[in-house]
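*Asks:* Next up is a structure, given as C-alpha cells.
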C-alpha cells in the first residue's frame, strides 16, 4: 500500500512539473514583438486597415509591454495567467486593464481574444516581427 501511494505521489509531482514547464514555455513564446494583421468577428476576418497596419505589441521578459493600438501608444505592465491563458495589459498612465484570452501562440503567430462588455468576442491576429 505504501509503495502504491509513493508511486501516485511521484506521478503527481512529475505531471505538475511537466505542466509548469509547459506553461513557462508558453509564457516565453509570448515574449516577442508582434505586428497586427487584422481581426475576426462572427467568423469573418478583416485585414488591418491603413490606421491599424502600424499596430504593434511588444511583451518583454521583465513584465512590461509597449503597444501601438489604433495609432495610439500605450506602455505598462502585463501579466500572463497560465491556468486560464489570460493576458492582462495594465496601462501605466491610466491604470486601466484590458484582458485577452490567448487562443493560439506559435513561433510566428499570436491570436488574442477580447470580449466586449456587450459580449461580442473579437479575435485579434498578430505575426512576429522579424528583426
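Values in this text are rule-based calculations from the coordinates and carry no lab data. The structure displayed is predicted, hence computed values, not measured ones. Cβ atoms come from the backbone with ideal geometry, glycine included; neighbour counts cover every protein chain shown.
*Asks:* With just the Cα atoms of segment 67-131, tell me how far they stretch along each of the three principal axes, in Å, largest first.
*Replies:* Over segment 67-131, Cα extents along the principal axes are 31, 31, 23 Å.
*Asks:* If you average the C-alpha positions of segment 27-45 and of segment 72-131 separately, how far apart do those two centres end up, in angstrom?
*Replies:* What the calculation gives is 8 Å, centre to centre.
*Asks:* Based on the Cβ-Cβ distance from residue 118 to residue 79, what FRET efficiency comes out when R0 is 25 Å, to the nearest 0.05?
*Replies:* Values: r = 25 Å, r/R0 = 1.00.
For residue 118 and residue 79, the calculated efficiency is 0.50.
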